[in-house]
1. Could you work out how much longer the chain between residue 247 and residue 27 gets when fully extended? Use 0.36 nm per residue separation minus the Cα distance between them, nm to one decimal.
2. So, by mean Cβ neighbours within 10 angstrom, what's the order for 168-175, 78-85 with the highest one leading?
3. Which order, highest average first, do 90-98, 234-242 follow once you tally other Cβ atoms within 10 Å for each residue and take the mean per peptide?
4. Write down the Kirkwood hydrodynamic radius of the range 96-241, to one decimal in angstroms, obtained as one divided by the mean of 1/r over all alpha carbon pairs.
5. Does anything in the range 218-254 have its amide N under 11 Å from the 7 Å Cα→Cβ label point of residue 128, and if so which residues?
6. Can you give the direction-averaged projected area of the convex hull of the alpha-carbon atoms in the range 82-165, in nm²?
7. Mind jotting down a quarter of the surface of the convex hull over the alpha carbons of the range 165-262, in square nanometres, one decimal?
8. Sort 203-215, 155-167 for me by packing, meaning the mean count of neighbouring Cβ atoms within 10 Å per residue, highest on top.
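Coordinate-derived values only; no laboratory data. No experiment lies behind these values; they were computed from the predicted model shown. Methodologically, a virtual Cβ is constructed for each residue, glycine included, from the backbone with ideal geometry; neighbour enumeration extends over all protein chains shown.
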């Protein structure tokens, strides 16, 4: 009997060790590009518009033929998106264990405001208020597909929310080049993040804020160590799944959410 119990303990121990190993991918270390605030992109766009108007005026006055302007290749970018975990005071009890959608939006909102997030207790209040509204008006605090999160944002905020379907790496890079962070739904079982608890959440949401060396730079609210967390292009793209409300599973299409501060 003792041998039988010992054998069971060994098997369970090996199983836990195996699971721990598959959840412990090597952390990706990169030299992060300097973080850029949203205002820098606004000023850059205004300067480019001014230069284009001046160039058009000169061409019109002197009759210079249009020439193809050399394009500067953007090789990396890192948006200065402030970070919070979905459990800012390290209280992972409900509703915070399921508040990744709210935390992801909050980070993008404060990025566009060019403001740092408040202290952890105040962030918790903000997240809680968003959850309470959903419970009151939608009948509960549910996993939100990106379209439903966009609906919530449109009720309270002036952002233009756009759901991008079947997103590609080139599209993600292009948004980031314009200073636009991306809110991404993902299957947390697939994401290579060793800081997740256990196998990670089936449905998760995070913010892509940059890219460098074929890696995406993210703010991942699913862990207190999620600031500037790096995922490979390959791992991120294989992980992006919207929430399928009919199946109640993270098996939906490769949709993402982009907010425009028009």
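1. Working: separation 220, 0.36 × 220 = 79.20 nm, distance 3.28 nm.
Contour length minus Cα-Cα distance gives 75.9 nm.
2. Ranked from most to least packed, the peptides come out as 78-85, 168-175.
3. 234-242, 90-98
4. Values: mean 1/r = 0.0635 Å⁻¹.
For the range 96-241, inverting the mean 1/r across all distinct Cα pairs yields 15.7 Å.
5. none
6. For the range 82-165, the mean projected area of the Cα convex hull comes to 5.5 nm².
7. 6.5
8. Going by the mean number of other Cβ atoms within 10 Å, highest first, we get 203-215, 155-167.
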